[in-house]
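Have a look at the structure below before the remarks.
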Amino acid sequence: MAFTASPHLSWGTPITAASFTAGCAFDIDGDGWIDQFTGTGWYRNTGKPRTEGFEPYESGTIVCHDDVAVDINGDGKLDVVACSDQGEHGLTVWYEIPADPKTKWIEHKIGAGIHGGVGPEGVGDLDGDGDTDVVRGDVWFENADGKGGQWIEHADLTPPGGNRPERYGLAIKVWAVDMDDDGAVNGNTGGIFGWRMSRGVRRDVITDGGEGIAVLRH
């Protein structure tokens, strides 16, 4: 398969939305075309991506290292989970996208933030109750009410000996997947290799701290 460069999007083109490494692509405005969310704003696909540039919009969201598109409140629509350790933006949050996504998005706090730790796939049903929980790398958050309004932090992902002492901590990449094909979600996080099994749960957790992979079985 051959790829050609579009004259309307280049790797060197500066963008207005503030982000460190975050970004996820999905249909934000419901028009059937894939848009791009990144940090503090999003870019609307006009439907003519080969001939027209994407339209930028501010969303009132945090400057972030990671973001993931997933349905948090169970309404059948994609929301965005974001995580950052940057100053006043040092949060793990999820955003409900309003009917008009060009207006400010609705923020719901999950917990404190770290450097990375929810992307690219740190979401899934970790406790088997049918809703979406969030993995932050060092902890996981239980979606207690199933609607994203109440969260319980479970600090059982940090391995014996604790986190790495430097700024980036245990993990900057996370996957919630079924590692052992038992129908349970385990989690994978990084710095060292290992994984945590979920008893009666739907996912394992995998994390990557840039020095290797850790698969954590809960």
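Quick look at the values:
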item: Residue count for segment 34-58, restricted to those that are part of a loop (DSSP other than H, G, I, E, B), open to solvent by 50 Å² or more (accessible area, probe 1.4 Å) and either under 13 Å from Trp105 (Cβ atoms) or among the hydroxyl-bearing types (Ser, Thr, Tyr) (or both); result: 1
item: Scope segment 147-158; condition surrounded by fewer than 22 Cβ atoms within 10 Å (Cβ to Cβ) and farther than 19 Å from Glu107 by Cβ; matching residues; result: Ile152, His154, Ala155, Asp156, Thr158
item: Segment 113-138, subset under 14 Å from the mean Cα position of the chain (by Cα) and among the hydrophobic types (A, V, I, L, M, F, W, C), residue most open to solvent (accessible area, probe 1.4 Å); result: Ile114
item: Test set (1) among the β-branched types (Val, Ile, Thr); (2) out of contact with any Leu (no Cβ under 9 Å at 6 or more places or on another chain); (3) at pLDDT 95 or above; (4) under 30 Å from Gly130 (Cβ atoms) - Ile28 fails condition number; result: (2)
item: Residues (assigned to a strand (DSSP E or B), at pLDDT 95 or above and not β-branched (Val, Ile, Thr)) located in segment 59-84; result: Ala69, Asp79
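The values are calculated or read from the model by the stated rules, or taken from the named source; none is laboratory data. Keep in mind that what you see is a predicted model, and the values were worked out from it rather than measured. Don't worry about glycine lacking a Cβ; one is built from the backbone with ideal geometry, like all the others, and counts go over all protein chains shown. Surface areas here come from the heavy atoms of the whole protein model, side chains and all, with no ligands, DNA or RNA. Shrake-Rupley method; radii C 1.70, N 1.55, O 1.52, S 1.80 Å.
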